[in-house]
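Trainee: Below: one structure in structure tokens.
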Amino acid sequence: MTVRREGDVVWLEGACRVEEAETVVGLLGAGMRTVDLSRCQALHAAVAQVLLAFRPALRGGAGGSLPARAPAPGADRGWRSGDKRPRRR
Amino acid sequence: MSDDLLSAFVEEARELLEQASRDLLALEAAPADGAALEELFRGVHTLKGSAGLVGFDAMGRALHAAEDRLSEVRRGARAVDAALVEALLEVAGQAERWVEAVAAEGVVPAGEAEAADALCARLEAAAGGPVAERPAAATAAASVAWAEALRAQAPDGAGHLIAFRYVPASDSYFAGDDPVSVVRGVPDLALLRVAPAMPFGELAAYDPFACNLVLTGASRAPLAAVRAAFRFVPDQVQLVELPAIESPAPPTSGEGRARSIRVDAGRIDALAAAADDLVVAKNAVAHLVAQAAGFAPAALARGLMAAHADLDRRVGRLHEGIGRMRLVPLAPLFRRFPPVVRQIAGGLGKQVDLVIAGDGVEVDKTIVDGLYEPLLHLLRNAADHGVEPPAARRAAGKPVPAVVRLSAAPAGDEVLIELADDGGGLDMGRVRATAAARGLAAAEALEAMSDEAAADLIFRPGFSTAAAVTELSGRGVGLDAVRSRVAALGGRVEVHSARGAGTRFVIRLPVRVRLARLMMVQTGGETFGVPLETVVEATRIAPERLTPVRAGRALVWRDRAVPLVSLAGLLDMPEPAGEPDELKVMIVRSGDQLAAVSVDAFGERIEAPLRPLAGVLARVPGLLGSSLLGDGRVLMVLDVPELIG
Amino acid sequence: MTTVLIVDDSKLARIVVGKAVAALQPEWTRVEAGNADEALAILAAQPVDVVLLDFNMPGRNGLELAEELRGRFPDMPIALATANVQDEVIERARATGATFVPKPITEDGLRGFLSGAALKLRQAGA
């Protein structure tokens, strides 16, 4: 179990695999607006794609900007454009 | 056509094109980004007008066609799709080449009508409506456009890059491919963008298992290594070599996978030092070449200059190559921490999960070696001060096991290392009170300070106090030690905090240490650094050898008359009183000229990371940067040729 | 009920692969074949949903078998297990729509293919 719902927050934990994309779509489609990645260690492209499409607020740890929690190191450029996520400098 | 007008055109066009490329990429990632669309439209419109002003009709025509497409989008008559973005990127790429041609030749190139026609046709085709399949004919030309756009994002001096564009088939997830993990396997990744291939459309009908991604990026690794990372999806990847702007591309061999051998680190260090020496020796040759140019026969002088330019390039490449040999992954360093954190947390009666990410990122060995202490300090700090005791966490509705996340990610020439906890965050009231109590700032100043600025005070020496010191984090060393350690590695550290949500330390470090070889000199009781490569010779001169000249004094050095100035004079500092028995002078090259600069004393020669100056100092002429000395003093490094002007 | 056919000339390899499949998809039924002919005989005798082929086999190799199976089962998830391959083999396998699984086969190496296959079968069944 690597997708967990807690209140209004979707937690992605450990290694998130392809199957989980559907669960995450279900939760985000049902109106959950925040995804917590602080316990996430790897994100399958299908799950990353869901986050790109639904654009939930992403948080992890102290809610930082480090792209390591995006699908891969350095991926921030693709995520940044038009992104509604709060992004700190 | 006046030169002024053309150079103004070049300057403006470069800016507009850079912005346009950014906007296009933003649009590609988020086709509904209205702000990017507006900015792009304005930029293209302005540029079209400018092209007309300098009589560059071909460029004006291509931009006009682009503007037409964009105004259709603004009207809502068509959507931004991949084909359109690619066509526009192609226009931007061609416009950039045109502008650079104007910059290089000083005239508007003639006979570009065909290129303009081709672009108009591409835009016309892209307007044919949303295309489900990428048009085959476009890929060759378009590939250049996306690769060029990537290059625009690459950090300066990124050198030779392999750009890739990976468009997984829509059934990739069923085939068991994970494009993100494929891209993670690309060695030495310098840039990565992940964007939807097609707009997502209605989310209610979102298909979680239809792959809809474009992954573009660039790697510093050789072509063969990048190709190997994509070996199982060759049909979905385009690779384009982006040669380094200045130096020619190193030959990429057809060798298969990267082989490795073990080499003693000491030998690599020795090699690196030898390469540094070679750079200095090469600079000495540069001076001789310039001298020879004065009286050698023209053909010989040209030959010497060409040979020197070649030497310069090759030495540069050697230096760069050896620098890369010193890159090692962070993983072994990061792996040392989990047991330590468990032990620390256990001692405090807390549960802390250390989550590690991005430990495949590579940085200079010196940096890895120097990071253990500061990271350990921050981890202790997080476990001790950052994470709340279990009872407090329960009361705050948080899971009892706290998460401390240690992660690294490349960011151009830098690596970002982040240490984030999900604890209580900084208590800004207490930070201000402590800062006031320790006399770090006046009470009014503290009141006026933003939280961000006030939080930065925790790095100040003297902030950690005996009262705040605990068994673990204390030991009389505060976060100031972390900051100075990181600074000594050429990096910087900052803290971000959200009350109740956690504290996050962000360390930015250069991937490669740039050690400057400096000569220390003293004048007026102060010490400055001068890069060794600008100093031709440091010597002592008897005052008799000075001759007065029209504007001041000169000395004869190796049969040449060299003007003499004092460093104190250059820096507007008081001149030393009286005439010393002998003058200590640096012979410095300034452009083609030599100058002698007198100083009070020569100091030792050191190697230290050179940091560019920030803030108000950044624009002070004559200052190259600063270096932190081993004893914590800051050494200002002078650009002597610029001071002489 | 999902059936996976494991084709490898090495008995040991079939055991290792079988264990990995069992760990990842415990519900699936596993059948084994030692070469291409045996595999075809099994396919003629019972329904098979997923095929895992070793590339290096005496007689017809895994790629040839994959190409033949693709002609008969256009949508069947097929994996080709191999230690190292030439570009030409990769190209042909991609054209066939087979997924590469690195050898030696591990749970991690097999996970992507089996997850994808499971998704595909579920969607086809839905």
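Trainee: If you filter segment B:531-579 for trypsin sites (Lys or Arg not before Pro), then keep DSSP loop positions with at most 13 other Cβ within 10 Å, what is left? Show your work: numbers first, answer last.
Mentor: Numbers: sites: B:540, B:545, B:550, B:553, B:558, B:560; in loops: B:550, B:558.
Here the sparse-neighbourhood loop sites are B:550, B:558.
Trainee: Charges only on Cβ, +1 for Lys and Arg, -1 for Asp and Glu: so what's the dipole of chain B about the Cα centre, in debye to the nearest 20?
Mentor: Numbers: 66 positive and 84 negative charges, 423 e Å.
Roughly 2040 debye for chain B.
Trainee: Taking the Cβ-Cβ separation of residue B:492 and residue B:296 as r and a Förster radius of 30 Å, what is the calculated FRET efficiency to the nearest 0.05?
Mentor: Efficiency, from the Cβ-Cβ distance: 0.05.
Trainee: Count, for each residue of A:37-43, the Cβ atoms from other chains sitting within 10 Å of its Cβ, then give me the mean as a whole number.
Mentor: On the way: counts 3, 10, 7, 3, 4, 5, 3.
Mean shielding count: 5.
Trainee: Mean separation of Cα pairs under 8 Å and 6+ residues apart, divided by the residue count of chain B: what relative contact order is that in percent? It would help to have the intermediate numbers written out before the result.
Mentor: Numbers: 1007 pairs, mean separation 50.6, N = 645.
Relative contact order comes out at 8 percent.
Trainee: Residue-wise, which Karplus ³J(HN,Hα) couplings in Hz belong to segment B:353-370, taking 6.51 cos²θ - 1.76 cosθ + 1.60, θ = phi - 60°, and x for glycine or proline?
Mentor: 9, 8, 9, 10, 9, x, 7, x, 5, 9, 9, 4, 4, 4, 6, 4, 4, x
Trainee: Further, regarding this structure: Give me the tail of P(r) for segment B:303-368 as a percent: Cα-Cα pairs with distance above 15 Å. Walk me through the numbers before you get to the answer.
Mentor: Values: 1462 of 2145 pairs.
Within segment B:303-368, distances greater than 15 Å cover 68 percent of Cα pairs.
Trainee: How much accessible surface area, in Å² rounded to 10, belongs to the heavy atoms of residue B:566 with a 1.4 Å probe?
Mentor: Counting only protein heavy atoms, residue B:566 exposes about 20 Å² to solvent.
Trainee: Further, regarding this structure: Sorted by average packing, counted as other Cβ atoms within 10 angstrom per residue and highest first, what order do B:291-298, B:313-320 take? The partial results should precede the final answer.
Mentor: Numbers: B:291-298: 11.5, B:313-320: 15.5.
Per-residue mean Cβ counts within 10 Å order the peptides as B:313-320, B:291-298.
Trainee: Evaluate the distance, in nm, between pseudo-label points positioned 7 Å from the Cα of residue C:64 and of residue B:207 along their respective Cα→Cβ axes.
Mentor: Reported label-point gap for residue C:64 and residue B:207 is 3.6 nm.
Trainee: In addition: Tell me, in nm to one decimal, what length is gained between residue B:32 and residue B:317 on full extension, where the rule is 0.36 nm per residue of separation less the Cα-Cα distance?
Mentor: Working: separation 285, 0.36 × 285 = 102.60 nm, distance 4.37 nm.
Contour length minus Cα-Cα distance gives 98.2 nm.
Trainee: Could you do me a favour and compute the accessible area per residue for chain B, 1.4 Å probe, result in Å²?
Mentor: Values: 30420 Å² over 645 residues.
Each residue of chain B exposes 47 Å² on average to a 1.4 Å probe.
Trainee: Going by amide H atoms built from the backbone, whose H comes under 5 Å of the H on residue B:624, apart from near neighbours?
Mentor: The answer is B:637, B:638, B:639.
Trainee: Taking all protein chains as present, what is the carbon and sulfur share of the accessible area of chain C, in % to the nearest whole number, probe 1.4 Å? All intermediate terms of the calculation are to be shown ahead of the outcome.
Mentor: On the way: 3020 of 5910 Å².
On chain C, the fraction of accessible area on carbon and sulfur atoms equals 51 percent.
Trainee: What value does chain B have for Rg/Rh, both radii from Cα atoms and Rh as Kirkwood defines it?
Mentor: Working: Rg = 29.5 Å, Rh = 29.3 Å.
With Rh from the inverse mean 1/r over Cα pairs, Rg/Rh is 1.01.
Trainee: Quickly work out the residue B:540-to-residue C:95 label distance, labels modelled 7 Å from Cα along the C-beta direction, and quote it in nm with one decimal.
Mentor: Roughly 8.1 nm, to one decimal.
Trainee: Something else: Using the Karplus curve 6.51 cos²θ - 1.76 cosθ + 1.60 with θ = phi - 60°, what ³J(HN,Hα) values do you get for each residue of segment B:440-452, in whole Hz, with x for Gly and Pro?
Mentor: Once rounded to whole Hz, the list reads 7, 7, 6, 4, 5, 4, 5, 4, 6, 5, 5, 4, 4.
Trainee: Given the rule -39500 (n - 2.57) for each run of at least 4 DSSP H residues, summed and divided by the residues of the protein assembly as shown, what is its mean residue ellipticity at 222 nm, to the nearest 500 deg cm²/dmol?
Mentor: Calculated mean residue ellipticity at 222 nm is -13500 deg cm²/dmol.
Trainee: Just counting partner chain Cβ atoms within 10 Å, what average do the residues of peptide B:350-360 show around their Cβ?
Mentor: Details: counts 0, 0, 0, 2, 0, 10, 2, 9, 7, 1, 1.
Whole-number average of other-chain Cβ neighbours for B:350-360 is 3.
Trainee: Taking 0.36 nm per residue of separation and subtracting the Cα-Cα distance, what length does fully extending residue B:372 through residue B:340 add?
Mentor: Details: separation 32, 0.36 × 32 = 11.52 nm, distance 1.18 nm.
Separation in residues times 0.36 nm, less the Cα-Cα distance, equals 10.3 nm.
Trainee: Averaged across the residues of B:181-192, what count of C-beta atoms belonging to other chains lies within 10 Å of each residue's C-beta?
Mentor: Details: counts 7, 2, 6, 5, 1, 1, 0, 0, 4, 1, 3, 10.
That works out to 3 on average.
Trainee: Any idea what diffusion coefficient the protein assembly as shown gets from Stokes-Einstein, in µm²/s, Kirkwood Rh on alpha carbon pairs, 25 °C, 0.890 mPa s? Before the final figure, lay out each step's value.
Mentor: Numbers: Rh = 31.3 Å.
Stokes-Einstein gives a translational diffusion coefficient of 78 µm²/s.
Trainee: To check you understand DSSP bridge types, tell me what percent of the beta bridges within the protein assembly as shown (both residues inside) are antiparallel, rounded to 5. Walk me through the numbers on the way to the answer.
Mentor: Values: 89 of 126 bridges.
Just about 70 percent of them are antiparallel.
Trainee: With each pseudo-label sitting 7 Å past Cα toward Cβ, what's the residue B:5-residue B:152 distance in nm, one decimal?
Mentor: Calculated label separation equals 2.6 nm.
Trainee: Could you put B:4, B:413 in order of accessible surface area, largest first, with the 1.4 Å probe and the full protein assembly present?
Mentor: B:4, B:413
Trainee: Taking only the alpha-carbon positions of segment B:515-644 and ignoring solvent, what does the Debye formula give for the base-10 log of I(q)/I(0) at q = 0.13, 0.18, 0.19 Å⁻¹?
Mentor: -0.53, -0.99, -1.09
Trainee: Got a number for carbon plus sulfur as a percent of segment B:515-644's accessible area, 1.4 Å probe?
Mentor: On the way: 3530 of 6980 Å².
Carbon with sulfur: 51 percent of the solvent-accessible area.
Trainee: Also, quick follow-up: So between residue B:309 and residue B:433, what do we pick up on full extension, going 0.36 nm a residue minus the alpha carbon distance?
Mentor: Working: separation 124, 0.36 × 124 = 44.64 nm, distance 5.97 nm.
Contour length minus the Cα-Cα distance gives 38.7 nm.
Trainee: Something else now. Once R0 is set to 41 Å, what does the formula 1/(1 + (r/R0)^6) return for the Cβ-Cβ distance between residue B:526 and residue B:558, expressed as a FRET efficiency to the nearest 0.05? Provide the component values of the computation, followed by the final result.
Mentor: Values: r = 30 Å, r/R0 = 0.73.
Approximately 0.85, to the nearest 0.05.
The values are calculated or read from the model by the stated rules, or taken from the named source; none is laboratory data. Keep in mind it's a predicted model, so treat the numbers as computed, not measured. Because the Cβ atoms are built from the backbone with ideal geometry, glycine has one as well, and the counts that use them run over all protein chains shown. Accessible surface areas use protein heavy atoms only, side chains included; no ligands, DNA or RNA. Shrake-Rupley method; radii C 1.70, N 1.55, O 1.52, S 1.80 Å.
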